[in-house]
Structures are given as C-alpha cells and as structure tokens.
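The values are calculated or read from the model by the stated rules, or taken from the named source; none is laboratory data. Keep in mind it's a predicted model, so treat the numbers as computed, not measured. A quick note on method: Cβ atoms are made from the backbone with ideal geometry, for glycine too, and the neighbour counts reach across all protein chains shown. Only protein heavy atoms, including side chains, enter the accessible area calculation; ligands, DNA and RNA are left aside. Shrake-Rupley method; radii C 1.70, N 1.55, O 1.52, S 1.80 Å.
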Amino acid sequence: MPSYYGLEKRNVSELELVIVGAGAAGLSAAIYASLLNINHILLEAESGGGLVNLAKTVENFPGVTGKRGPEIIQSLIHQLETAGGRLNSFEPAEEFDFSSGENFKVKTGADCYHPKTVIIATGLELLGLREEFGIKDERKYLGKGVSYCAECDGPLFKGKRVMIIGNPFEAFLLKRLCDKVYYLGPVPAEFKAKVPIEVIEANDIEYMEGKIEGLIGDKSLSAVTIDGKILGIEGLFITGKKAGSDIFGKAGLKLDDNGFIIVNRQMETNIDGVYAAGDITGEPWQISKSIGEGAVATLSAFKFLTGQEMRNLGWALQDEWER
Ligand SMILES: Cc1cc2nc3c(=O)[nH]c(=O)nc-3n(C[C@H](O)[C@H](O)[C@H](O)COP(=O)(O)OP(=O)(O)OC[C@H]3O[C@@H](n4cnc5c(N)ncnc54)[C@H](O)[C@@H]3O)c2cc1C
C-alpha cells in the first residue's frame, strides 16, 4: 500500500482526502490538511505551482508585497513541507468515479486512489496561452507589457496606454485605471451579445479591428504593429478564460454555463464529500480567493470526515454540525 501523509501520525489506515492540482488553491488545501493530520495526497499534473508561476510581480496579495509569482509558490511549498506534507508531481488525475457513497475513485496513470473526500483545484485554461491565439513574441514580453489578466495586472498600468483583446468586461476595468484603452476587435462570439461595440465606445474605449503583426520594445513593450501601422502602448492584455476539460461534468458534478464547478460557501459541490476551490469555481480569478477557497474546502472536508467518524461511533449528528 502506498504511504500517505499522516498514516504514521494517526491510527487511521484509510486515505481520507485526495487534492487534485497543486496551484495556489491546492497548495493551500494541502497545508491545511497537513496541519490537521488528515491522511491525504496532493496530485499535480506538472511540477506544481500553477499559473502563479507566470506572474512576474504580485502587488495584490495582501500581506505580501512586490514578490514574484514563483517566490510565492516556493514559500507555499516550503510551508507545506514544514507542516509535513508533500506534492506528487507529474501525476495527473485522469478519471473520477464519485458514484459510491463510501469511497470515491481517483485514477492516475500510476495508481488508483480510494479517498473518502476529494478537493478539485485544477484551475482554468487561459486562451492567451493557446497557440492559435498566440502573437509572435508574446511570451518574450509576458510580464514586460503583455498580460493575461486585467484584474491582476491592471494596477501596474495606472495612467498608461494599453490595448486589450478578448473579454470586453476587462476593458471597462482597465478604463478606470489607465490613461488610454484600445479594444482590438472583433469581439469574441461569447461576448458579442452581452457587450455591443457601441457600449464599448460609449465608455471612452477606442474600438478598432486589425491583426497584431509584431511587438516592439527594448526592455519592455512600447508599441505594437497593426496592419503595418505602429501604435504606442505600454500594456497589451490578451484576456479570455475557460474551464479546462469536461471530466468533472462527466463524473456528475454540476457545472455552470461556462463549465466552472458550482460550489456553495463551504466549497461543497452537488456531491457530498467532493469540494472544489480556486479558479475552477469561477470568477474572480485571484490568488487571494484561491488560497482562501483551498483553506475552506479542507475545513469542510475535515468536518465531513469527523462527522463520518462520529456516525460510525453511533452518534446522531445535528444539522448545525453538518452544515
Ligand atoms: C500571467 C498571470 C499573472 C497573474 N497575476 C496575478 C496577480 O498579480 N494577482 C492575483 O491575485 N492573481 C494573478 N493571477 C491569477 C492567479 O495566478 C490565479 O488566480 C491562481 O493561479 C489560481 O490558482 P488555482 O490553484 O485555482 O489554479 P492554477 O494556478 O491554474 O493551478 C491549477 C493546478 O492544477 C494542475 N492540474 C490541472 N489538471 C490536473 C489534473 N487532472 N491532475 C492533477 N493536476 C492538475 C495544474 O497543472 C496546475 O498546477 C495571474 C495569472 C496569470 C496567468
């Protein structure tokens, strides 16, 4: 039998919790699980850390000033290891079976786990990272003028000239902060009905259409070339996000219209014992929200597990404890 964290600490032989995804939300959930001696494993498809690794400077994570994204992740991993936890890198969860009321099934390439509870923290898919949306040199300027998130990086461009492609709602957010905002159309189909071009223009955002042919700037972005013309901007926001795979819907979890997992304030999904946290539960897509939701999800799982133990001992539980 594989050794799960906590088995040696408590006289419990079963795997109590599987956390899927080791970004901000999953790491936070695992830190709480380690501190609470919950027998758990943390599965991660890649090396760990998720999208925070792409953030060059983070200014809006309260209590942490001016840190680079990877530094924040290192500090979370350090905290996890100090609490006795660890992460299973390069072990993606591939299949879920939530049909049994007793123990669930989480299958990876290497193993099949049977936990009593599951926390899903797999994040979302950024359209800016997909090849077909890619602009030449986009990655070279990431964090040096190119951003995928107006909510996150908007404050870094206060009083500057910026352009946005994708989600028009994020253009309104930038308009509150920046001196000049260009919206490069066409508006993607999913937003067209909700935000007509007239509404964009009425908000003092300059609407234009064209193709970005190149990014210009020595140390950071200073201009873009669009259809042969150079336009001076210091920020280019390539926005738009969607939920990743549909494996969770297939496993019976309720999703919203955009494919994000529906949860309540306890991070409970529609299936008892299954929780979700972080970007996968929908907007806002922020580190502080992901960290908070990861913590709440583990506390809810802890309550659920304790409730099961009490029931096994013959105690009748009150509703107040279960909710
Ligand atoms: C460039 C950039 C800059 C940003 N800057 C800021 C900022 O300044 N401030 C801020 O608040 N927010 C910022 N954000 C947003 C922030 O990064 C996200 O809100 C946060 O990363 C969400 O954390 P998460 O754990 O929910 O998801 P993620 O960070 O996406 O982590 C999900 C993890 O799950 C793993 N995974 C996926 N599928 C599986 C599977 N099947 N099995 C196992 N593992 C799986 C992934 O590999 C990943 O490691 C920024 C985002 C970007 C892209």
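General observations
- Largest to smallest in accessible area, the residues TRP315, TRP285 fall in the order TRP315, TRP285 (1.4 Å probe, all protein chains included).
- Contact order relative to length of the chain, as percent, for alpha carbon pairs under 8 angstrom and 6 or more apart: 19 percent
- Entry note, the chain: the mean residue ellipticity at 222 nm calculated from DSSP H runs of n ≥ 4, each adding -39500 (n - 2.57), is -7000 deg cm²/dmol after division by the residues and rounding to the nearest 500.
- Between helix 24-35 and the chain: long-axis angle, C-alpha atoms, 0 to 90°, nearest 10: 20 degrees
- Helix 69-82 and the long axis of the chain differ in direction by around 10°, with both axes built from C-alpha atoms.
- Solvent-accessible area of SER89, all protein chains in place: 50 Å² (probe radius 1.4 Å, heavy atoms, ligands and nucleic acids excluded).
- Full-stretch length increase - LYS242, SER47 - with 0.36 nm per residue and alpha-carbon distance subtracted: 68.0 nm
- The stretch 49-81 versus the stretch 156-204: alpha-carbon centroid distance in Å: 28 Å
- Using Cβ point charges alone (K and R +1, D and E -1), the dipole size of the chain about the Cα centre works out to roughly 720 debye.
- Surface share of carbon and sulfur [accessible, 1.4 angstrom probe, percent] for the stretch 30-129: 49 percent
- Whichever lysines have a C-alpha closer than 27 Å to that of LYS229, once near sequence neighbours (fewer than 8 apart) are set aside: LYS136, LYS140, LYS144, LYS158, LYS160, LYS175, LYS180, LYS192, LYS211, LYS219
- Sites GLU201 and GLU125, calculated FRET efficiency, Cβ-Cβ separation with R0 30 Å, nearest 0.05: 0.50
- Computed FRET value (nearest 0.05) for LEU313 with LYS229, which takes r as the C-beta separation and R₀ as 51 Å: 0.10
- Note on the chain: GNM, Cα springs under 10 Å; of GLY63, GLY307, GLY123, the largest mean-square fluctuation is that of GLY63.
- Per residue solvent-accessible surface (Å²) - the stretch 128-238, probe of 1.4 Å: 52 Å²
- Accessible area of the stretch 196-243 belonging to carbon and sulfur atoms, whole % at 1.4 Å probe: 50 percent
- Residues PHE90, PHE304, PHE157, PHE169, sorted by accessible area with the largest first, give PHE90, PHE169, PHE304, PHE157 [1.4 Å probe; ligands and nucleic acids excluded].
- Angle between the chain longest axis and helix 287-312 axis [Cα atoms, degrees, rounded to 10]: 20 degrees
- Of ILE120, ILE216, the order by accessible heavy-atom surface (1.4 Å probe, DNA, RNA and ligands excluded), from most exposed downward, is ILE216, ILE120.
- Three-way shape call for the chain based on the alpha-carbon gyration tensor, with the a/c threshold at 1.5: prolate
- Whole-number percent relative contact order across the stretch 189-323, with pairs defined as alpha carbons under 8 Å at least 6 apart: 10 percent
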